[in-house]
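The values are calculated or read from the model by the stated rules, or taken from the named source; none is laboratory data. What you see is a predicted model; the values in this text were computed from it and never measured. Here the Cβ positions follow ideal geometry from the backbone for every residue, glycine too, while neighbour counts run over all protein chains shown. Remember, those area values only see protein heavy atoms, side chains included, never the ligands or the DNA or RNA. Shrake-Rupley method; radii C 1.70, N 1.55, O 1.52, S 1.80 Å.
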Amino acid sequence: MPQTQTIVLSINTSWNIVNFRRNLIARLQREGYDVVALAPRDAHSETLVAMGVRYFPVDIDSKGLSPVRDLKLAAQYYRILKQLRPVAFLGWTIKPNVYGSLAAHALGIPVINNISGLGTAFIKVGLLTRIVRRLYRTALARSATVFFQNRHDRDLFVAQRLVRAPRTVLLPGSGIDLAQFVPDPAGEGASPMFLMVARLLRDKGVVEFAEAARIVRQTRPDVAFQLLGFLDVQNRTAIDRAMVDGWEREGILGYLGEAADVRPYLARVTAVVLPSYREGMPRSLLEAAAMGRPLIATDVPGCTEIARAGENAFLCAPRNAQSLADAMLALLDLDADARATMGRRSRAIAEREFDVSVVEARYLDAIARATAPAPATA
């Protein structure tokens, strides 16, 4: 009986693996792989174990810049990967992509990376950006495949010589399970409501969302605004609880906390909003589109892959609360039939381009190519 092959996945939170890679994990397990997850311990780590995943905690300081901590992280990756000897290492987010990949390369383990978004380090160009670019260039040099979730990010990495073009492959984000996220026949609620689903970070446009809510409610006090997502996250641009509490006291929005299942929230809103400064492929917009909701998003890479002006979305300028408010008001000016048409177009785009089975197939192909024996030489 052939020995079970091990695949290692690593991301900067267990929450991310559970919420965004569940379908991929299930597919890898169906293909006979022993799936191992390397991530910091959090409230979702035990869920990984319940999914049949072997879990190893690693200490990733996502917002830290300490070389000593990062060297310790690289040593952790090396020690665990040497013990496991997987057939491939799959990495997401900056530090797993860098330090996990370097450890895997040192051990001769094939690496498959996913650049799921460029993050703060690329939005605010400075010393940090230069450091991250150099780290990426080194870590990706020997990777078998580097997935990107939009062509803008791929073109940027290729232009800056962070990765060679033949190694790159485009993915439709993490894909969407169209059997799980389906339009709700009950549809939109009686009162207009805008929902933003995201980690509460400045780079996601949370402040602009609150300011736009304040503007819209001056003329449309009947409109509700809600935030759903992680507060108190480890990130240099995180929104603090005091700011959110202030918005709630002012009465401009409601904070819903976090939710394991976002579908009930998506089903009852007029539109889903994401005023992010830049994205890889925003999961919240994919889920909203699959559930047949109109979208409002910034006209930036990543968002425009799924939110398309004139079809299923209104776009606004980034970092511009007035532009966002104008987009919301424009959507509110449409009648219910026009908004429903936008929602149907969202679902059609999700069905046509973002089915999770496409993502799974591309990963399996990348793993097959990375692990194929080298051709014999004459």
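Specify the inter-centroid distance of segment 56-85 and segment 159-180, based on alpha-carbon positions, in whole Å.
Rounded to whole Å, the Cα centres lie 25 Å apart.
Give the carbon-plus-sulfur fraction of the accessible surface of the chain in %, rounded to a whole number; probe 1.4 Å, heavy atoms of protein chains only.
C and S fraction of accessible area: 52 percent.
Can you give the translational diffusion coefficient of the chain in µm²/s, computed by Stokes-Einstein from the Kirkwood radius over Cα pairs at 10 °C and 1.306 mPa s?
Result for D is 74 µm²/s.
Taking 1 over the mean of 1/r across every pair of different Cα atoms in segment 299-378, what Kirkwood radius in Å do you get?
Kirkwood radius, segment 299-378: 15.9 Å.
When averaged across all projection directions, what area in nm² does the alpha-carbon convex hull of segment 6-60 cover?
Seen from a random direction, the Cα hull of segment 6-60 projects 3.1 nm² on average.
How charged is the neighbourhood of Val87? Take every other residue with its Cβ under 13 Å from the Cβ of Val87, and add Lys/Arg as +1 and Asp/Glu as -1.
Numbers: positive: Arg85, Arg369; negative: Glu31, Asp34.
Net charge around Val87: 0.
Out of Ala88, Gly173, Phe194, whose Cα points farthest toward the positive end of the dipole of the chain (charges: +1 Lys, Arg; -1 Asp, Glu; placed on Cβ)?
Ala88
With the dipole of the chain worked out from charges on the C-beta (+1 for Lys and Arg, -1 for Asp and Glu) around the Cα centre, which of Ala290, Ala350, Gly32 lies farthest toward the positive end?
Positive-most Cα among the choices belongs to Gly32.
Counting only helical runs of four or more DSSP H residues, what would the 222 nm mean residue ellipticity of the chain come to if each run contributes -39,500 (n - 2.57) and the total is spread over all its residues?
Result for the chain, helices only: -12500 deg cm²/dmol.
Please compute the net charge surrounding Ala213, taking Lys and Arg as +1 and Asp and Glu as -1 over other residues with Cβ under 14 Å from its Cβ. Don't skip to the end; give the middle numbers.
Working: positive: Arg214, Arg217, Arg220, Arg249; negative: Glu208, Glu211, Asp222, Glu248, Glu250, Asp326.
Result for the local shell: -2.
Please compute the per residue accessible area over the chain with all protein chains in place, 1.4 Å probe, rounded to a whole number of Å². Each step should come with its number before you reach the end.
Values: 16380 Å² over 378 residues.
Computed with neighbouring chains in place, this is 43 Å² per residue.
Give the residue list of GluC sites (Glu not before Pro) in segment 308-370 that are DSSP loop and have at most 15 other beta-carbon atoms within 10 angstrom.
Glu311
If you build the convex hull over the alpha carbons only and average its shadow over all orientations, what do you get for segment 247-340? Give it in nm² to one decimal.
Working: hull surface 26.0 nm².
That works out to 6.5 nm², a quarter of the Cα hull's surface.
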